[in-house]
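Comments concern the structure below.
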Amino acid sequence: MRVLDEFLAALEGFEWDANNSDKNWHNHQVRQAEAEQVLLNRPVVFAPDLKHSRAEARFFTLGRSDSGRHLAIVFTTRGRLVRVISARPMSRAERRAYGQIEAKSQADS
């Protein structure tokens, strides 16, 4: 996870748009703090979201919140802040892929 750690090291915190925050809660019951936890906890899967990076670079992350929920997070950066665009529970395929990464991470520990 060195790449994500180095990427996040240059950032200072989170910025939230009220509409995105409300949408994430109403549609998926994901609160701001829980979405932030996914980016701070390990292991995490992190990749550029090239399909949706037209106006600005977006990134896709799979990880776990402190309560153990498996979440998918899409975010961008604005200056030195992370701006979460969407947060939702992982799909079945995403959980399967993340489970393999978790198992590898535990085996490497």
**Study point:** Kirkwood Rh in Å, taken over the chain so that all alpha-carbon pairs contribute
**Key:** 14.1
Revision key, fill the gap. In the range 1-52, the GluC sites (Glu not before Pro) that sit in a DSSP loop and have at most 11 other Cβ atoms within 10 Å of their own Cβ are 12
Practice item. Would you mind ranking 101, 73, 85 by Cβ crowding within 10 Å, fewest neighbours first? Key: 101, 85, 73
**Study point:** Computed label-point distance, nm, for sites residue 106 and residue 21 using a 7 Å Cα→Cβ extension
**Key:** 3.5
Point to revise | Model label zone, residue 55; criterion: amide N under 16 Å from point 7 Å along Cα-to-beta-carbon; scope the range 13-30 | key: 16-21
Practice item. Under a 10 Å cutoff between Cα atoms, tell me which one of 18, 55, 93 has the largest fluctuation in the Gaussian network model of the chain. Key: 55
**Study point:** Relative contact order computed over the range 2-108 (Cα-Cα under 8 Å; 6+ residues apart), in percent
**Key:** 26
Exercise for review: Could you work out which residue, out of 17, 66, 49, moves most in a Gaussian network model of the chain, that is, has the largest mean-square fluctuation with Cα springs under 10 Å?
Suggested key: 17
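No value in this document is a laboratory result; all are computed from the given coordinates. Quick caveat, the model's predicted, so the values are computed rather than measured. All Cβ positions, even for glycine, are placed from backbone atoms using ideal geometry, and neighbour counts span all protein chains on display.
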